[in-house]
Structures are given as structure tokens and as C-alpha cells.
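Asks: Here it is: the structure, laid out below.
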Amino acid sequence: MVNLKDYAPFTGLLIFGNIENLILASQGAVAHVNPIILSVLSLIAVVIWLLLGTYGTKIAIKYADYIEIIGGLAIIILGLQSMLEAMGII
């Protein structure tokens, strides 16, 4: 049985990771990527992350603070990159 308390330290990454997925999907739409291919690749990525998150939580729980810092930093960097690309700066 899944205990939601195990996932509590990763709540911030779950929320901001989903926002980042929306940003990346919009970048694909702006770049005129085939929506079917984009959808299939997005679903594959979501399933892989679901499996990693489900089975990796028990192992990673002792490193939750470090994972959240690194994941948050990656989300911020990717978000800034996408905004700069959208404005034509990069």
C-alpha cells in the first residue's frame, strides 16, 4: 500500500516539475513539433518518472533534501532557458 506521507518531502518537485512539463510542451508546440510524436514522448517520459518515483522513493527518502534542492535548481534553470529562448535572447 502506498503511503502518501512518504512523498511529502517531494511535493515541491511534483508541483514545479509539472509546471516545467507544461513549459517544455509549449516549447514543442511553438517549434512546430508533430503533436502526436510530442504526446507519445511526453507520455513515455511521464511513465518513466512515475516508475522511478514509485520505486525510488524508499531508496531516495534519506536524500530528499538534496534531491529537492538539485531538482528545484534544474527546474529554475530550464524555466529561465525557455523564457530567454521565447524572448529571442538565446
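Asks: So, Ile75, is that one in contact (Cβ under 8 Å) with a residue 60 or more places away in the chain and open to solvent by less than 80 Å² (accessible area, probe 1.4 Å) or not?
Replies: Against the criterion (in contact (Cβ under 8 Å) with a residue 60 or more places away in the chain and open to solvent by less than 80 Å² (accessible area, probe 1.4 Å)), Ile75 qualifies.
Asks: Moving on to the next point. Read through the list (1) on the phi > 0 side of the Ramachandran plot; (2) touching a Ser or Thr at 6+ places or on another chain (Cβ under 9 Å), then give the number of the only condition that His32 fails.
Replies: The failed condition is (2).
Asks: Right, next: Would you mention how many residues in region 20-51 are outside any helix (DSSP H, G or I) and either small (Gly, Ala, Ser) or closer than 17 Å to Lys5 by Cα (or both)?
Replies: 1
Asks: Determine, yes or no, whether Thr54 is assigned to a helix (DSSP H, G or I), of a type outside the set (A, V, I, L, M) and more than 16 Å from Gly71 (Cα to Cα).
Replies: So Thr54 fits the description; yes.
The values are calculated or read from the model by the stated rules, or taken from the named source; none is laboratory data. Predicted, not measured: the structure shown is a model, and the values here were computed from it. For neighbour counting, all protein chains shown are included, and Cβ atoms are generated from backbone atoms with ideal geometry for every residue, glycine included. Areas reflect the complete protein model, heavy atoms only, side chains present, ligands, DNA and RNA absent. Shrake-Rupley method; radii C 1.70, N 1.55, O 1.52, S 1.80 Å.
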